[in-house]
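**Student:** Please read through the structure below; I'll follow up with questions.
The values are calculated or read from the model by the stated rules, or taken from the named source; none is laboratory data. Computed from a predicted model, the values in this text were never measured in an experiment. Cβ placement follows ideal geometry from the backbone for every residue including glycine, while neighbour counts extend to all protein chains displayed. For the accessible areas, the whole protein counts, side chains as well, though only heavy atoms, and no ligand, DNA or RNA atoms are used. Shrake-Rupley method; radii C 1.70, N 1.55, O 1.52, S 1.80 Å.
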Amino acid sequence: MAVPVPDEVRHRIVAALDAALDVIPGRVVRAGNWHVTLRFLGEIDEVSYDMLLSRLAETDLGRHFRLRWSGLGVFPRATRATVLWMGLDRGEAALSALALAVDAAVDRAGFPPEDRPFNPHLTLSRLRPAEDVSALVALVPPFRIPMEVDRVTVYQSRLGSGGAAYRVLEEFPLA
């Protein structure tokens, strides 16, 4: 489950990253695949999926809100990065609250709890092996690109030779 990134916001992020796109290391995530993962479930059977949809439908996911994309960040650290991402400078608390509501619905549907805390971000690249991206992170200024969050989307992902392909299965609008 994820928050989709609208096309207009994708275009603005690509334009802001334009100079850096040629130097972003690793396996770059295609802009068309950008979304903010709230909870990853992996492969699930039809009965579990139906239970999940039922629990999501009865969950108060809250009101729509705005966030603002900002600068670059990394996991686990800039000198040995395995993931390069874009973070927020506004809306982090609201996005975290949405992730908690989704998590509660997933838990009530009988799925095991998440093993790591939610960290709101937009994955731009995966680096294998790890690299030092300190200079890149310091070079790219904050973007300050606003985005309206108005729904939670259930995606199905399929891995292929060109990376993951995502298909929208269900959408749950926020109030």
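**Student:** Run Asp18 past the list (1) open to solvent by 50 Å² or more (accessible area, probe 1.4 Å); (2) of a type outside the set (Lys, Arg); (3) in contact (Cβ under 8 Å) with a residue 60 or more places away in the chain; (4) closer than 14 Å to Phe143 by Cβ and report the number of the one that doesn't hold.
**Tutor:** Asp18 satisfies every listed condition except (3).
**Student:** Pairs please, first residue from the stretch 134-156 and free of Cβ contacts under 8 Å to residues at least 12 places away in the same chain, second anywhere and β-branched (Val, Ile, Thr), Cβ atoms under 9 Å, 6+ apart in sequence or on different chains.
**Tutor:** none
**Student:** Quick one: in the stretch 77-120, which of the residues that are at pLDDT 95 or above and acidic (Asp, Glu) is most open to solvent (accessible area, probe 1.4 Å)?
**Tutor:** Across the stretch 77-120, the extreme among qualifying residues is Glu92.
**Student:** Hey, another quick one. Which one of Leu67, Leu124, Leu56 is in contact (Cβ under 8 Å) with a residue 60 or more places away in the chain, surrounded by 15 or more Cβ atoms within 10 Å (Cβ to Cβ), hydrophobic (A, V, I, L, M, F, W, C) and not in a strand (DSSP E or B)?
**Tutor:** Exactly one of Leu67, Leu124, Leu56 is in contact (Cβ under 8 Å) with a residue 60 or more places away in the chain, surrounded by 15 or more Cβ atoms within 10 Å (Cβ to Cβ), hydrophobic (A, V, I, L, M, F, W, C) and not in a strand (DSSP E or B), namely Leu56.
**Student:** For residues in the stretch 144-166 being under 15 Å from the mean Cα position of the chain (by Cα) and open to solvent by 60 Å² or more (accessible area, probe 1.4 Å), which is farthest from Arg66 (Cα to Cα)?
**Tutor:** Tyr166
**Student:** Out of the stretch 32-42, which residues are under 20 Å from Arg108 (Cβ atoms) and either open to solvent by 70 Å² or more (accessible area, probe 1.4 Å) or at pLDDT 95 or above (or both)? Don't jump to the end; show me each part of the working.
**Tutor:** Our first condition is that a residue be under 20 Å from Arg108 (Cβ atoms); within the stretch 32-42, this holds for 37-42.
Result: Thr37, Leu38, Arg39, Phe40.
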